[in-house]
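The values are calculated or read from the model by the stated rules, or taken from the named source; none is laboratory data. All of these numbers come straight from a predicted model, not from anything done at the bench. Cβ coordinates were reconstructed from backbone atoms using ideal geometry, including for glycine residues, and neighbour counts include every protein chain displayed.
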Amino acid sequence: KKAVEHFENTKSLYFRAIEDFNFLIFELKRVDEPNLVVNINNVNFEKLVDINLGQVTKLYTTDNPKNIFPELPDDLKFNFEAAKEFFKTFHSEQWFRGKQNLEFLRVFLEIIKKDRCSKQKRQIFKNKAPVKLHLTKSNCISELSQYADTPDCLLAFLANQVTNAA
């Protein structure tokens, strides 16, 4: 229960810290410049936010987007009002960029794993215990999928596909 409370609190702080980055991505996708090529996948998560238990520090600024995307032209300016308006009605957990959200989850799980395995000064868990979870950026989805419950709607969809295929 305590770990979930810490997760919910830290996740809320994370979404506030990463929102400007998502506004920037939204605006980059709206820029009408044929020669502008930006590789969003090369963004280093560790340069965006620093995550600790119950604390998230924003490390970037959208005042100068070239700090995040060096390939941007110097004279390119952004107005985030359209992005703010767009995201206002959506839940950030579902609409913000999934790669960064997954990386947040991975980092947070590593933090609570470290707490659980610590000999002393644990903040969440009462007792020390080993944790056999080895998450990396490349294996995160496959490692965590074994612990996921299959939702009823997916089971119904797959059953329907089998029925329709026959």
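Condition test on K11, is it more than 12 Å from the chain's Cα centre (by Cα) and in contact (Cβ under 8 Å) with a residue 24 or more places away in the chain? No. Across region 78-130, the qualifying residues are those that are in a helix (DSSP H, G or I) and among the β-branched types (V, I, T), and the one among them that is nearest to the chain's Cα centre (by Cα) is V107. Per the listing K88, K132, the residue uniquely of a type in the set (D, E, K, R) and closer than 18 Å to F23 by Cα is K88. Applying the criterion of being among the small types (G, A, S) and over 24 Å from K58 (Cα atoms) to the residues of region 98-137, the residue that is surrounded by the fewest Cβ atoms within 10 Å (Cβ to Cβ) is A129.
Okay, residues lined up against (1) under 30 Å from V31 (Cα atoms); (2) out of contact with any strand residue (DSSP E or B) (no Cβ under 6 Å at 6 or more places or on another chain); (3) of a type in the set (F, W, Y); (4) modelled with pLDDT of 90 or more:
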{"site": "N52", "(1), (2), (3), (4)": "no, yes, no, yes"}
{"site": "N67", "(1), (2), (3), (4)": "yes, yes, no, no"}
{"site": "F86", "(1), (2), (3), (4)": "yes, yes, yes, no"}
{"site": "Q100", "(1), (2), (3), (4)": "yes, yes, no, yes"}
{"site": "D115", "(1), (2), (3), (4)": "no, yes, no, yes"}
{"site": "V131", "(1), (2), (3), (4)": "no, yes, no, yes"}
{"site": "C153", "(1), (2), (3), (4)": "no, yes, no, yes"}
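Against the test of being surrounded by 15 or more Cβ atoms within 10 Å (Cβ to Cβ) and free of Cβ contacts under 8 Å to residues at least 40 places away in the same chain, the options V56, V38 yield a single qualifying residue, V38. No other residue among T61, T10 is surrounded by 10 or more Cβ atoms within 10 Å (Cβ to Cβ), among the hydroxyl-bearing types (S, T, Y) and assigned to a loop (DSSP other than H, G, I, E, B) apart from T61.
Could you list all residues from region 106-127 that are charged (D, E, K, R) and within 19 Å of F7 (Cα to Cα)?
Listed by number, the residues that qualify are R106, E110, K113, K114, D115, R116, K121, R122, K126.
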